[in-house]
Amino acid sequence: AMDADSVWYMDQAIAGSDPASFVILDNRVGKDHSGVYFSGERVSHFDAASFRHLGSAYFADKNGVYWGGDTVVGADLASFEVLGDSFVAKDNDHVYRSGQVIDGFDADTIQLLLHDPYGYQFTSDRDGVYVNGLKFLHADPADFTMRDNRCGTDGRYLFFVDVWHMTPVTVYREGDELVAETVLYDHEKKRS
């Protein structure tokens, strides 16, 4: 909110803010001619004149790319692109999720298949299909299609996101039995 003297975040006036030049960039980020504000607090390391919203929680200024207020290390500003309004982005060399490099992805062929508001993304590249950066077993990216917001298929297998653990599950029939496969992931290293 704004009045003639101040910009307000929740019930607090933002000290030093200029209502005449203030622009809201997303639901908790704004800027005026001299500063950038996250949740009503001025963040001094951004260049207000060039600061802009790229999508999701990604921002940029003339000095770099940011996930929220944190620098996306190694990001190439000239080629940086947010995929949809998801947590996934790419540049010429890397794929990112929530501002962190996801190793092993092909930046040239990465595609966002689905961004679900529940907090997960289906993506694919030339080597596979993924949920939140974790690879589905047996998925063929050339034939993969989404069936709904929790399930996809490549014609031979069904691929689900286990929304409790945010992990990929592959389901298929083997004879008269239905088989479900998943991989135990080390979430800190993002490896199986």
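The values are calculated or read from the model by the stated rules, or taken from the named source; none is laboratory data. As the structure is a prediction and not an experimental result, all values here were calculated from the model. Note that each Cβ is placed from the backbone with ideal geometry, even for glycine, and that neighbours are counted across all protein chains shown. Calculation scope for accessible area: heavy atoms of the full protein, side chains included, ligands and nucleic acids excluded. Shrake-Rupley method; radii C 1.70, N 1.55, O 1.52, S 1.80 Å.
Quick notes on this structure:
- Within segment 131-152, restricting attention to residues that are out of contact with any Phe, Trp or Tyr (no Cβ under 7 Å at 6 or more places or on another chain) and within 16 Å of residue 181 (Cα to Cα), the residue that is surrounded by the most Cβ atoms within 10 Å (Cβ to Cβ) is 135.
- Flag for residue 171 being aliphatic (A, V, I, L, M) and over 25 Å from residue 55 (Cβ atoms): yes
- Members of segment 23-37 that are part of a strand (DSSP E or B) and surrounded by fewer than 19 Cβ atoms within 10 Å (Cβ to Cβ): 23, 24, 25, 26
- The residue of segment 66-79 that is most open to solvent (accessible area, probe 1.4 Å), among those that are in contact (Cβ under 8 Å) with a residue 24 or more places away in the chain and hydrophobic (A, V, I, L, M, F, W, C), is 73.
- Test: residue in segment 46-61 that is polar (S, T, N, Q), buried (at least 20 other Cβ atoms within 10 Å of the Cβ), at positive phi and modelled with pLDDT under 95: yes
- Among (1) open to solvent by less than 60 Å² (accessible area, probe 1.4 Å); (2) farther than 30 Å from residue 50 by Cα; (3) among the charged types (D, E, K, R) - the single one residue 126 does not satisfy: (1)
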